[in-house]
Amino acid sequence: MVKLLLPVAVLCCALSSCGSSYSTIQDGYAYMMTRDQASYVVHSSMGAYGPSERPMDNSYLVERSYDRSPTDSQTYTLRAIPVPSKNAYGFEVTNEGTTLNGPFKSSRIFKTANQRAAQAGTRISL
(Lines give C-alpha, C1' and ligand atoms only; values in the text may rest on other atoms or scores of the structure.)
Protein backbone atom coordinates (compact mmCIF):
# COMPACT_ATOMS: atom_id res chain seq x y z
CA MET A 1 0.00 0.00 0.00
CA VAL A 2 2.82 2.42 0.86
CA LYS A 3 4.50 1.69 -2.48
CA LEU A 4 1.32 2.78 -4.24
CA LEU A 5 0.81 5.94 -2.18
CA LEU A 6 4.27 7.37 -2.84
CA PRO A 7 3.89 7.68 -6.65
CA VAL A 8 0.37 9.06 -6.22
CA ALA A 9 1.64 11.66 -3.74
CA VAL A 10 4.48 12.67 -6.07
CA LEU A 11 2.05 13.03 -8.98
CA CYS A 12 -0.32 15.15 -6.88
CA CYS A 13 2.52 17.46 -5.85
CA ALA A 14 3.66 17.84 -9.44
CA LEU A 15 0.17 18.71 -10.62
CA SER A 16 -0.55 21.05 -7.73
CA SER A 17 1.81 23.74 -9.00
CA CYS A 18 0.68 24.20 -12.57
CA GLY A 19 1.99 27.28 -14.31
CA SER A 20 2.58 28.42 -17.84
CA SER A 21 3.65 31.41 -19.88
CA TYR A 22 2.81 32.59 -23.39
CA SER A 23 4.58 35.57 -24.97
CA THR A 24 4.56 37.27 -28.35
CA ILE A 25 8.03 38.62 -27.53
CA GLN A 26 9.36 35.09 -27.02
CA ASP A 27 7.62 34.07 -30.25
CA GLY A 28 9.38 36.93 -32.09
CA TYR A 29 6.59 39.40 -32.80
CA ALA A 30 4.75 42.42 -31.43
CA TYR A 31 2.03 44.80 -32.59
CA MET A 32 2.50 48.40 -33.65
CA MET A 33 -0.03 50.38 -31.61
CA THR A 34 -0.39 53.19 -29.09
CA ARG A 35 -0.30 52.78 -25.32
CA ASP A 36 -4.06 53.37 -25.19
CA GLN A 37 -4.66 50.60 -27.73
CA ALA A 38 -2.40 48.22 -25.79
CA SER A 39 -4.27 49.08 -22.60
CA TYR A 40 -7.58 48.34 -24.34
CA VAL A 41 -6.27 44.96 -25.57
CA VAL A 42 -5.21 44.02 -22.03
CA HIS A 43 -8.43 45.21 -20.39
CA SER A 44 -10.84 43.73 -22.92
CA SER A 45 -9.00 40.42 -23.20
CA MET A 46 -8.96 39.80 -19.46
CA GLY A 47 -12.52 41.07 -19.10
CA ALA A 48 -13.69 38.42 -21.56
CA TYR A 49 -12.81 35.74 -18.98
CA GLY A 50 -14.29 37.24 -15.85
CA PRO A 51 -13.57 40.06 -13.45
CA SER A 52 -10.04 41.39 -13.44
CA GLU A 53 -8.07 43.96 -11.50
CA ARG A 54 -5.19 46.25 -12.26
CA PRO A 55 -2.10 45.92 -10.05
CA MET A 56 -1.46 48.48 -7.34
CA ASP A 57 1.02 50.46 -9.47
CA ASN A 58 -1.96 51.87 -11.47
CA SER A 59 -0.51 50.48 -14.68
CA TYR A 60 -3.04 50.18 -17.45
CA LEU A 61 -0.79 47.67 -19.20
CA VAL A 62 -1.13 44.85 -16.65
CA GLU A 63 -4.23 43.08 -15.34
CA ARG A 64 -4.78 40.04 -13.17
CA SER A 65 -7.67 37.64 -12.83
CA TYR A 66 -8.26 34.85 -10.35
CA ASP A 67 -10.08 31.52 -10.21
CA ARG A 68 -10.80 30.37 -6.66
CA SER A 69 -12.39 27.28 -5.19
CA PRO A 70 -12.29 25.81 -1.70
CA THR A 71 -9.28 23.63 -2.58
CA ASP A 72 -7.59 25.33 -5.56
CA SER A 73 -6.67 28.73 -6.90
CA GLN A 74 -5.21 30.13 -10.09
CA THR A 75 -3.87 33.59 -10.93
CA TYR A 76 -3.69 34.86 -14.52
CA THR A 77 -1.66 37.92 -15.50
CA LEU A 78 -1.77 39.65 -18.88
CA ARG A 79 0.91 42.25 -19.64
CA ALA A 80 1.49 44.58 -22.57
CA ILE A 81 5.27 44.91 -22.94
CA PRO A 82 6.53 48.06 -24.68
CA VAL A 83 8.99 47.69 -27.56
CA PRO A 84 10.01 51.38 -27.85
CA SER A 85 12.34 50.96 -30.82
CA LYS A 86 9.41 49.71 -32.93
CA ASN A 87 6.55 51.77 -31.41
CA ALA A 88 4.97 48.44 -30.59
CA TYR A 89 3.75 46.27 -27.75
CA GLY A 90 4.15 42.57 -27.12
CA PHE A 91 1.76 40.62 -24.94
CA GLU A 92 2.48 38.03 -22.27
CA VAL A 93 0.11 35.82 -20.31
CA THR A 94 1.28 33.92 -17.25
CA ASN A 95 -0.59 31.77 -14.80
CA GLU A 96 0.28 30.29 -11.44
CA GLY A 97 -1.70 28.08 -9.17
CA THR A 98 -3.05 24.66 -8.45
CA THR A 99 -5.96 24.18 -10.84
CA LEU A 100 -5.48 21.77 -13.71
CA ASN A 101 -7.30 24.00 -16.22
CA GLY A 102 -4.93 26.94 -15.62
CA PRO A 103 -2.71 26.45 -18.67
CA PHE A 104 -5.76 25.94 -20.90
CA LYS A 105 -7.46 29.14 -19.77
CA SER A 106 -4.15 31.00 -20.00
CA SER A 107 -3.82 29.82 -23.60
CA ARG A 108 -7.32 31.09 -24.40
CA ILE A 109 -6.55 34.48 -22.86
CA PHE A 110 -3.38 34.67 -24.98
CA LYS A 111 -5.32 33.79 -28.14
CA THR A 112 -7.93 36.46 -27.38
CA ALA A 113 -5.22 39.08 -26.71
CA ASN A 114 -3.58 38.23 -30.05
CA GLN A 115 -6.88 38.52 -31.92
CA ARG A 116 -7.67 41.89 -30.35
CA ALA A 117 -4.13 43.16 -30.89
CA ALA A 118 -4.32 42.18 -34.57
CA GLN A 119 -7.52 44.24 -34.86
CA ALA A 120 -5.96 47.23 -33.08
CA GLY A 121 -2.50 47.26 -34.68
CA THR A 122 -0.13 45.78 -37.19
CA ARG A 123 1.86 42.64 -36.38
CA ILE A 124 5.61 43.06 -36.85
CA SER A 125 8.58 40.75 -36.47
CA LEU A 126 11.18 41.50 -33.82
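The values are calculated or read from the model by the stated rules, or taken from the named source; none is laboratory data. Computed from a predicted structure; not experimentally measured. Every residue, glycine as well, gets a Cβ built from its backbone with ideal geometry; the counts of neighbours run over all protein chains shown. Quick note on the areas: whole protein, heavy atoms, side chains included, nothing else; ligands and nucleic acids left out. Shrake-Rupley method; radii C 1.70, N 1.55, O 1.52, S 1.80 Å.
Points to keep in mind about this one:
- Segment Tyr49-Thr98, extension gain: residue separation times 0.36 nm, minus the distance between their alpha carbons: 15.8 nm
- Counting protein heavy atoms only, the stretch 27-126 has 51 percent of its accessible area on carbon and sulfur, 1.4 angstrom probe.
- Largest-first ordering by accessible area, 1.4 Å probe, given options Val62, Val41: Val62, Val41
- Take the Cα of Asn87, step 7 Å toward its Cβ, do the same at Arg35, and the gap between the two points is 1.6 nm.
- Across the protein chains, with a 1.4 Å probe defining accessible surface, the residues Lys86, Lys105, Lys111 rank Lys111, Lys86, Lys105 from largest area downward.
- The stretch 51-106, accessible area per residue, ligands and nucleic acids excluded (1.4 Å, Å²): 55 Å²
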